[in-house]
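J.: The structure that follows is given in the form of structure tokens.
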Amino acid sequence: MTVRRLPLVLAHAAAALLAAGCLAGTLWHGLEEPSVALAFGVLVTVGELSRWSDGGEREPAPLGAAGALSYALLGQNAGQPTHHGVPQVVTVVLAAALAGCVPHVARGRGSTADHLTRRLLTAGFAAVCFQPVYDHGRLHGWGGPVYALLVVALLVLTTLCDAVLAAALAHSRTGWPFGPLLRDELRARLGIDSAVCATGAVMSLAVGVVGLWALPVFSLPLLLTQLSYRRYAAVRTTYRQTIASLARATEIAGYTPPGHARRVAALSRAVGRELGLPEPELTVLEYAALMHDIGQLSLVDPVPAGATAALPAEEQRRIALLGGAVVRQTGVDAAVAVVVERQADPYREQPVSARIVRAVNAYEEMAREEDGPGGPLSALERLRLGCARDYQPEVVESLARVLRHRGGAGVHPGGVLRGSSGQGPW
């Protein structure tokens, strides 16, 4: 086991131990307020059943998260104190989450292990912070506004801890820098996760006043919010597919090899992740990499194999400017056009995204030119030799690390990683 995988193993082990201990405690002592446990269990199950894994959101099951957090912070039911405690909270959330994950596991969608780990640890953390204090009567004399502020503060703290946990799990699985991952997670909390916190707090407080009827009433706004996010995700997916279709125009016309733009885009995004670019810049980088060759459509005679990296600097710049003009006419974000236009400039004058596209495109073309298993290594060395003028050294070394993490020395022209052990001069 590598050091990078240690947080992943520890998180899964902690979730497993927490689940086993709480389940044993609940079975030993029995359920308190079974009707309340059933109502929240059904709510979490419905939330997990309605989750999605293709929208790119950090919280794919907002209703399930809100239900689990509100149960963890529940102190009263229709004015009567509850006594369910931490073990029962974790047990109910575990059973409901497992029931809701069954269809997703059957379809092979999403990372269920990480999802369950985060759900259990966050619910357990919130319950540990609230339930023992409430059970000992230390909150009974608190007024309404103060009590509500305490619930909101615990939810915010739990959300921050979940962001750290999500970033640590992603870092362990991908090897991407932890800092940018945490920054993206915290930024994502301003989206639908804010609605999760608000709904969890309102549910907990409302059930304490009016009883379990508050659950379906306050679940509806979050369900509508989730539906809006799913529609937004569908629009975003369609937008990306449109850009990918435009990028294929050069392949269909015979100007570039099949799959070239897709490979450059995937590798550019990975290099951007390695360099710590935030999510919005990664999206711009990916779109620009997909459309980086679209200026070749203006050429009367195609460049052999679409290898623009071997052209004179002035010709590269002309093609890049024409490509930026085409991108602007398609209505794509202007930031994408800027990257396409600047990819042929001296690297010291380029934005970071343009430096990445230029280096990755040149690597892909050079690796395709070289025949044999040593081609990717040779291409990487040629990039290093060009670092004095054409390519930023940090980008080239980041590319080398990405290729090493992928387990190979380079990319085969057909899109399949190739290389032996992944060992090399880098």
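The values are calculated or read from the model by the stated rules, or taken from the named source; none is laboratory data. A quick note: this is a predicted structure, and the numbers were derived from the prediction, not measured. In this analysis, Cβ positions are derived from the backbone assuming ideal geometry, glycine residues included, and neighbour counts consider all displayed protein chains. Only protein heavy atoms, including side chains, enter the accessible area calculation; ligands, DNA and RNA are left aside. Shrake-Rupley method; radii C 1.70, N 1.55, O 1.52, S 1.80 Å.
J.: Right, Leu139: at pLDDT 85 or above, in a loop (DSSP other than H, G, I, E, B) and over 27 Å from the mean Cα position of the chain (by Cα) or not?
T.: Here the answer is no, as Leu139 does not meet what is asked.
J.: Can you find even one residue in the stretch 193-207 that is at pLDDT 85 or above, of a type outside the set (D, E, K, R) and in contact with a strand residue (DSSP E or B) (Cβ under 8 Å, 6 or more places away or on another chain)?
T.: Checking the stretch 193-207: at least one residue is at pLDDT 85 or above, of a type outside the set (D, E, K, R) and in contact with a strand residue (DSSP E or B) (Cβ under 8 Å, 6 or more places away or on another chain).
J.: Which of the residues belonging to the stretch 1-14 are surrounded by 12 or more Cβ atoms within 10 Å (Cβ to Cβ) and not in a helix (DSSP H, G or I)?
T.: Arg4, Arg5
J.: Tally time: how many residues in the stretch 31-65 are in a loop (DSSP other than H, G, I, E, B), of a type outside the set (D, E, K, R) and at pLDDT 90 or above? Before you say what the answer is, go through the steps one by one.
T.: Filtering the stretch 31-65 down to residues in a loop (DSSP other than H, G, I, E, B) leaves 31-33, 50-61.
Retained after the next criterion (residues that are of a type outside the set (D, E, K, R)): 31, 50, 52-53, 55-56, 60-61.
So of that shortlist, the ones also at pLDDT 90 or above come out as 31.
Within the stretch 31-65, residues that are in a loop (DSSP other than H, G, I, E, B), of a type outside the set (D, E, K, R) and at pLDDT 90 or above number 1.
J.: Among the residues of the stretch 316-329, are any open to solvent by less than 60 Å² (accessible area, probe 1.4 Å), on the phi < 0 side of the Ramachandran plot and touching a residue at least 40 places away in the same chain (Cβ under 8 Å)?
T.: no
J.: Return the pairs, sorted by first residue and then second, in which the second residue is among the aliphatic types (A, V, I, L, M) and not in a helix (DSSP H, G or I), the first residue lies in the stretch 374-402 and is under 18 Å from Pro351 (Cβ atoms), the beta carbons are less than 9 Å apart, and the residues are 6+ apart or on different chains.
T.: Filtered contacts from the stretch 374-402: Glu394/Leu275; Val395/Leu275; Ser398/Leu275.
Residues are listed down the side, and each one gets a yes or a no for (1) open to solvent by 20 Å² or more (accessible area, probe 1.4 Å); (2) at pLDDT 95 or above; (3) among the hydroxyl-bearing types (Ser, Thr, Tyr); (4) touching a Ser or Thr at 6+ places or on another chain (Cβ under 7 Å):
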| position | (1), (2), (3), (4) |
| --- | --- |
| Gly67 | no, no, no, no |
| Leu73 | no, no, no, yes |
| Pro81 | yes, no, no, no |
| Val92 | no, yes, no, no |
| Gly100 | no, no, no, yes |
| Ala106 | yes, no, no, no |
| Val146 | yes, no, no, no |
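J.: Being buried (at least 24 other Cβ atoms within 10 Å of the Cβ), among the small types (Gly, Ala, Ser) and on the phi < 0 side of the Ramachandran plot is true for just one of Ala288, Ala253. Which residue is that? Full working, then the answer.
T.: Values: Ala253 fails: buried (at least 24 other Cβ atoms within 10 Å of the Cβ).
It is Ala288.
J.: Also, I was wondering about something else. Being within 18 Å of the chain's Cα centre (by Cα), open to solvent by 50 Å² or more (accessible area, probe 1.4 Å) and either on the phi > 0 side of the Ramachandran plot or small (Gly, Ala, Ser) (or both) is true for just one of Ala234, Ala270. Which residue is that? Write out each step before concluding.
T.: Working: Ala270 fails: open to solvent by 50 Å² or more (accessible area, probe 1.4 Å).
Only one candidate passes the filter, namely Ala234.
J.: Any residue in the stretch 1-28 that is without any contact (Cβ under 8 Å) to a residue 24 or more places away in the chain sitting within a Cβ distance under 8 Å of a residue that is loosely packed, with under 15 Cβ neighbours inside 10 Å and in a helix (DSSP H, G or I)? List the pairs, counting only those 6 or more apart or interchain.
T.: From the stretch 1-28, the pairs are Met1/Val9.
J.: Tell me the residue from Val340, Val326, Val332, Val303 that is in contact with a helix residue (DSSP H, G or I) (Cβ under 8 Å, 6 or more places away or on another chain) and under 27 Å from Gly191 (Cα atoms), please. Walk me through how you get there before you give the answer.
T.: On the way: Val340 fails: under 27 Å from Gly191 (Cα atoms); Val326 fails: under 27 Å from Gly191 (Cα atoms); Val303 fails: under 27 Å from Gly191 (Cα atoms).
Val332 is the lone residue from the list that is in contact with a helix residue (DSSP H, G or I) (Cβ under 8 Å, 6 or more places away or on another chain) and under 27 Å from Gly191 (Cα atoms).
J.: Return yes or no: is Leu17 at pLDDT 95 or above, surrounded by fewer than 19 Cβ atoms within 10 Å (Cβ to Cβ), more than 21 Å from Val207 (Cβ to Cβ) and out of contact with any Cys (no Cβ under 6 Å at 6 or more places or on another chain)?
T.: Details: at pLDDT 95 or above: yes; surrounded by fewer than 19 Cβ atoms within 10 Å (Cβ to Cβ): yes; more than 21 Å from Val207 (Cβ to Cβ): yes; out of contact with any Cys (no Cβ under 6 Å at 6 or more places or on another chain): yes.
Spelling it out, Leu17 is indeed at pLDDT 95 or above, surrounded by fewer than 19 Cβ atoms within 10 Å (Cβ to Cβ), more than 21 Å from Val207 (Cβ to Cβ) and out of contact with any Cys (no Cβ under 6 Å at 6 or more places or on another chain).
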